[in-house]
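*Asks:* Please see the structure below; I have some questions.
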Amino acid sequence: MLERKFHLYNLHDKGGWLLSPTYDDKFNSNFIQFGRTNFLDPWSDPAIHYHTTSQELYLVMHGELWLKVGDSSVVLKERNLLLVQPGIPHAVVGGKGSIQHFGLKIPCISDEKIVVREVTQYEKNSKPLFIDSKDLDPKEGFIADFTQDDYRNCWVFGFGIAKYLTDEFSLAYMVFKDENEDTSLENYNDYHLHNSSEEWYFTFKGSQEILVNDENVVVSEGNLLRIGSGIPHKINKRQYPFEGMVLRAPLTRDDKVVVNLDL
């Protein structure tokens with residue numbers, strides 16, 4: 001993957017696909033395709049489509065994104081994340097405001113995009129009705145609202161106690177007002193590595209300092225730290241208020257190994 005086995009990406013002013021199996025060096029990623037729009041006017045995909053193997057994720061940070069997912073119409077508001085399962089026809093059909101969103105496809109290496117039909121003019125001109133996450137068929141996908149406490153500071157996707165079970169990746173969204181609210185550093189923050197998976201640390205607000213091998217890496221607002229498999233790491237501290245996300249993929253059971261930190 002990477003010679004250093006970790007890399008810090010500055011996402012400020014970046015748009016389009018940023019990491020992909022077709023890119024070279026530090027921008028190559030064989031399991032996750034990752035990109036974003038950076039404050040664009042609303043748009044529509046040209047066609048309803050589905051993916052053969054990828055779960056597709058849409059995380060809206062600013063504005064609104066309107067989508068068709070199967071027979072459902074979805075409005076994604078700020079801090080909403082939508083997961084669409086493989087084989088489910090879907091498309092962006094519009095939006096509202098200046099839109100900043102992240103898009104991910106997991107796993108991406110053998111995925112094919114299959115076009116079903118063109119998006120109609122009616123679909124482009126009609127705002128969908130908002131549907132609650134409970135109203136989306138879980139076989140088609142899932143909506144997490146990160147403005148709600150139920151989806152913060154916990155595993156939203158992954159194994160076991162996650163809100164939505166998937167074998168492909170794990171994801172948690174963190175929001176901490178201050179150090180007293182952030183119990184994760186004391187209770188769940190071992191110096192550790194993952195045998196076969198990569199771990200991705202996003203910072204949306206504040207900053208976090210992460211010890212990677214013997215190097216302290218500051219992940220400032222608008223930055224992403226990608227840590228390869230086999231690399232020990234630990235979050236040293238955060239600057240508050242903090243908002244961020246951690247993602248691990250590919251997901252393998254019993255993959256985490258606690259490492260003795262030689263002080």
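The values are calculated or read from the model by the stated rules, or taken from the named source; none is laboratory data. All of these numbers come straight from a predicted model, not from anything done at the bench. Cβ sites come from the backbone with ideal geometry, for glycine too, and all protein chains shown count toward neighbours.
*Asks:* Looking for whichever is modelled with pLDDT under 95, within 25 Å of PHE202 (Cα to Cα) and touching a Ser or Thr at 6+ places or on another chain (Cβ under 6 Å) here; the options are LEU2, LEU19, LEU11. Which one fits?
*Replies:* Matching residue, one of LEU2, LEU19, LEU11: LEU19.
*Asks:* If you check PHE142, PHE159, which single one turns out to be in contact with a Phe, Trp or Tyr (Cβ under 9 Å, 6 or more places away or on another chain) and either of a type outside the set (Val, Ile, Thr) or not assigned by TED's automatic domain parsing to the domain that holds ILE210 (or both)?
*Replies:* Only one candidate passes the filter, namely PHE142.
*Asks:* Just checking, which of ASP45, ASP24, ASP41 is out of contact with any Asp or Glu (no Cβ under 9 Å at 6 or more places or on another chain), under 18 Å from LEU104 (Cβ atoms) and not assigned by TED's automatic domain parsing to the domain that holds THR252?
*Replies:* Only one candidate passes the filter, namely ASP45.
*Asks:* Right, next: If I ask for residues that are over 20 Å from the mean Cα position of the chain (by Cα) and under 16 Å from ASN189 (Cα atoms), which ones from the stretch 218-232 would you list?
*Replies:* ILE231, PRO232
*Asks:* Something else about it: Among the listed residues GLU112, GLU56, which satisfies the condition of being without any contact (Cβ under 8 Å) to a residue 60 or more places away in the chain and under 19 Å from PRO250 (Cα atoms)?
*Replies:* GLU56
*Asks:* Name the residue, out of ILE235, ILE227, ILE210, that is closer than 28 Å to VAL60 by Cβ and touching a helix residue (DSSP H, G or I) at 6+ places or on another chain (Cβ under 8 Å).
*Replies:* One residue alone meets the criteria, ILE235.
*Asks:* So, one more: So, restricting to strands (runs of 3 or more DSSP E) that lie completely within the stretch 37-122, which ones have at least 3 residues that are in contact with a helix residue (DSSP H, G or I) (Cβ under 6 Å, 6 or more places away or on another chain) and among the small types (Gly, Ala, Ser)?
*Replies:* Those strands (runs of 3 or more DSSP E) do not exist here; none qualify.
*Asks:* Right, another one. In this structure, is GLU198 within 24 Å of PRO107 (Cα to Cα) and charged (D, E, K, R)?
*Replies:* yes
*Asks:* Could you list, ordered by first residue, the pairs with Cβ atoms under 7 Å in which the first is in the stretch 18-37 and in contact (Cβ under 8 Å) with a residue 12 or more places away in the chain and the second is small (Gly, Ala, Ser) and in a strand (DSSP E or B), at least 6 apart or interchain?
*Replies:* LEU18/GLY35; SER29/SER20; PHE31/ALA249; ILE32/ALA249; GLN33/SER20; GLY35/GLY16; GLY35/GLY103; ARG36/GLY103
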